[in-house]
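Report on the following structure.
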Amino acid sequence: MKRTLSRMQFINLGLLLLTLIFIITSGVSNAAVASADSQEIISQSHDGETGVISARESNVEWTANQQPWTKSRMLDAKPYPLPNVGGLPTTLSELPRPAGDPIFIPSTPPDNTSPAFQVENDFENLSGDSLFGYDYPAPFTRYENFDDYTVFPYSTVGVLFFKQNGTDYRCSAASIGNNALWTAGHCVHDGSGTVDGWSENVVFAPAYEDGNTPFGTWSFYDLVTRVAWFSGGDFRFDIGGVILELNASNQTVNDLVGSLGFAYNLNPNQHWFNIGYPVDSPFDGKSMQICAASFARNDPFYTSPIPMAMGCDMTPGSSGGPWIINFSGSPGNTNYINGNNSYRYTGLNEEIYSPYYSDAAKDLLGYLSPDTRLRTNILLPIIKK
């Protein structure tokens, strides 16, 4: 039997089709607007030459009344989840050569007034073109710092407390000069590409130990990361900076704790001292932990700059902790940050990865330098090592 639709049924069907078309086109339009908004934020708030973006320049609206970080609040803060990625990494057989010359920027202990200088090293003298990595698990030594936390260079490392997406978190960070810190990108922004992804209510407690803050705390002024991290969570650029306010005595953090040096464009065959404050078991976040290990592998899942791994079993809370080469209590050509805790592969809990410090890291450092007065002036004497 042949059935025909009535006029009213035709009208209802037409209305239904129009509604579906409206929903679909609105979704596409909204997505386009969201994408355009994200691009507008990036285009207005970063240096196109360096690919660096800051929170203040992206017109973030932080809560006017920031809640104080009491000792109990610090103890209750959750460790920021250490990002995990799936799959199994392999080791490259050839060494990707740095795009630029290796550069070393020396560390400075507190109240040091020595003239600043740079040290340039010959890439070929650092090591050969072969990577001397390890199969998993890579060897490492991990120990708790039983030395005085207030002694340089331990004094430069501390806990970064902050709120992100409504939750109190903590990461690790280190002083890099006068009023700035170096940490992981995910500790300052969640990588979502939105203004709301910035951390807020950020304070730094250098030499933090068991809830005690021997140097006091510093509140933040601004947050900085790479655009590639901000817009898409690219682990090759999981690096971040924090510009701090002066403390109540009108001092910079560097005045009291000193600053670590910085090294980039190096051969990855290095030996690092990785310092952080892991919280999850078997740790409790109250002490400074140190992993000593050499290059384990790089991550060929990525193109250059390719992240690199070292053996270390630190847990969440250690994010942003510095990887230091030439670790020493002496000033000068020592204590160079050359990596930071970024991510690990799921189930491979005895290795941790860092972005490779290329010119991208140098650009972030250069963005911070007007505020930190770091020793990055290329007119300074170049000393062959």
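The values are calculated or read from the model by the stated rules, or taken from the named source; none is laboratory data. These numbers come from a predicted model, not from an experiment. Methodologically, a virtual Cβ is constructed for each residue, glycine included, from the backbone with ideal geometry; neighbour enumeration extends over all protein chains shown. Side chains are part of the model used for accessible areas, which takes the heavy atoms of the whole protein and leaves out ligands, DNA and RNA. Shrake-Rupley method; radii C 1.70, N 1.55, O 1.52, S 1.80 Å.
Structure summary
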item	result
Qualifying strands (runs of 3 or more DSSP E) (wholly inside segment 226-301; at least 3 residues being open to solvent by less than 30 Å² (accessible area, probe 1.4 Å), of a type in the set (K, R) and touching a residue at least 24 places away in the same chain (Cβ under 8 Å))	none
Residues (open to solvent by less than 10 Å² (accessible area, probe 1.4 Å), without any contact (Cβ under 8 Å) to a residue 60 or more places away in the chain and not hydrophobic (A, V, I, L, M, F, W, C)) located in segment 200-225	P206
Members of segment 179-190 found to be open to solvent by less than 10 Å² (accessible area, probe 1.4 Å) and touching a helix residue (DSSP H, G or I) at 6+ places or on another chain (Cβ under 7 Å), listed by number	A180, G185, H189
